[in-house]
Amino acid sequence: MKLLAIETSCDETSAAVLKADQPGRPTLASCVILSQDIHRVFGGVVPELASRAHLGTIVPVVDEALAEARVELEDLDAIAVTAGPGLVGALLVGVMYGKTLARRLARPLIGVHHLEGHLFAPTLEQPDFAPPFVALLVSGGHTMLLDVPAWGQYRLLGATRDDAAGEAFDKVGTLLGLGYPGGPAIERLAREGRPGRFRFPRPMLNTIGEDGPDQYSFSFSGLKTAVLRAVRTSTDLERDRADLARGFQDAVLEVLVEKAATAIEATGYPTLAIGGGVACNDALSAAASERLGRSARVVVASKRLNTDNAAMIGAAGLFRLRQGEQSGADLEPRADLPLPGLLPASASIGISR
Ligand code: KG4
Ligand code: ZN
């Protein structure tokens, strides 16, 4: 079984080839990721430019993925493509390309949810990674905590009420004059920063132990405003920049890690999986490992598979195809595609202190 996967939900044009023997785990034969640099000039992703760039690069990116995998188009057995959520114009490029190719080759097509892709990313590198686990998904567009009792079953424990964690990193990066994306630059700078010189609020940390719907919710927009205030009152930004980055990062990580650890305690699961672009942050995985100690292991994919890529879309797509699912020629991209297999929130997950 040879599967071509395509991802164009935001500002990466990516294609990957996965090879799988039934019912084994797939191996990654190739993964090409082209990051669109154009958005740096604007300090954030410009949707119209993203769509145009995908149009220009999708064909060579797929060709390169096939060549690296030494696979001809005709050898493909199936095609997986991100159908949402994301920028609808950007998604459209991948979906139209995937649909056209599937029709031309008369092969099955599967539309994949981008976040289910992030959940599957570690399976390509860590063969023993499997549910049950708690997932902390932290990207530029999402921040959520999920209870994953089995593949395809996702119970939403909590999500952000405003900015996503990655979005907060990006906005604070701009405030500190670090350019886009802010996450990697803040992480680098924070290593030199002194902890505690700027103590920012830990938003919604106090909801842990509350028997309400916000126990696992996040909020990062107030934190961004607190950093803005500190930047404005700083008399020497050159001197304070690294300490501000450290203070901000420490606040975000503490909230993420405490809520994830609470979910691990409540479920008793042996594994915490961290996925999405913010999972590239080494301080985050280190803090989670330290906080959880022996009670659970922390699973994080390599950086290449944590930022947006087609390999993870292929892994999730293969799971869906093996479940007997398939998308029709009517597959449409959806900016707000709901996660398939979302279970209702359960009262039993609450933890009281
Ligand atoms: O998953 P992703 O590649 O795209 C989305 O689906 O959004 O995530 C991109 C986000 C950006 O906000 C970026 O700043 C953040 O991930 N990010 C990081 C780091 N590397 C990327 N945030 C914190 N620390 C990092 N090292
Ligand atoms: Zn993503």
**Prompt:** Given H placed 1.01 Å from N in the peptide plane, which residues other than close sequence neighbours of Gly158 have an amide H under 5 Å from its amide H?
**Reply:** Leu145
**Request:** Taking H placed 1.01 Å from N in the peptide plane, check which residues at least 5 places from Ser30 or on another chain put their amide H under 5 Å from its amide H.
**Result:** Val17
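Within the set of other residues whose C-beta is less than 13 Å from the C-beta of Arg202, count the net charge using Lys and Arg as +1 and Asp and Glu as -1. Write out the running numbers ahead of the final one.
On the way: positive: Arg199, Lys259; negative: Asp250, Glu254, Glu258.
With Lys, Arg at +1 and Asp, Glu at -1, the net is -1.
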**Complete:** Diffing segment 90-104: the Karplus 3J(HN,Hα) column from phi (6.51, -1.76, 1.60, θ = phi - 60°), in whole Hz with x for Gly and Pro, holds 6, 4, 4, 4, x, 5, 5, 4, x, 5, 4, 5, 4, 5, 4
**Message:** Can you give me the long-range amide H partners of Ser302? Hydrogens built in the peptide plane at 1.01 Å from N, cutoff under 5 Å, separation of 5 or more residues or another chain.
**Reply:** none
**Request:** Provide the per-residue ³J(HN,Hα) series for segment 150-161, in order, calculated from phi with Karplus coefficients 6.51, -1.76, 1.60 and θ = phi - 60°, each as a whole number of Hz, with x at glycine and proline positions.
**Result:** 7, 4, x, 10, 10, 9, 6, 8, x, 8, 7, 8
**Asked** Gain in length, Ser35 to Arg334, computed as 0.36 nm per residue apart minus the alpha-carbon separation, to one decimal in nm?
**Response** 105.5 nm
**Per-residue Cβ neighbour rank within 10 angstrom, fewest leading, Asp211, Asp170, Asp243** = Asp211, Asp243, Asp170
**Karplus (6.51, -1.76, 1.60) ³J(HN,Hα), θ = phi - 60°, over segment 298-312, in Hz, Gly and Pro reported as x** = 9, 10, 9, 6, 5, 4, 4, 9, 8, 6, 4, 7, 7, 4, 5
**Request:** Quick one: among Arg161, Arg246, Arg334, which has the greatest mean-square fluctuation in a GNM of the chain with alpha-carbon springs under 10 angstrom?
**Result:** Arg161
**Prompt:** Using the beta-carbon distance between Gln326 and Thr100 and R0 = 25 Å, what value does 1/(1 + (r/R0)^6) give for FRET efficiency, to the nearest 0.05?
**Reply:** 0.95
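A short reminder: the numbers here are calculations on the coordinates, not readings from a lab. Bear in mind that the values here come from a model prediction, so they are computed numbers and not experimental data. Glycine also receives a Cβ, built like all others from the backbone with ideal geometry; neighbour counts cover every protein chain displayed.
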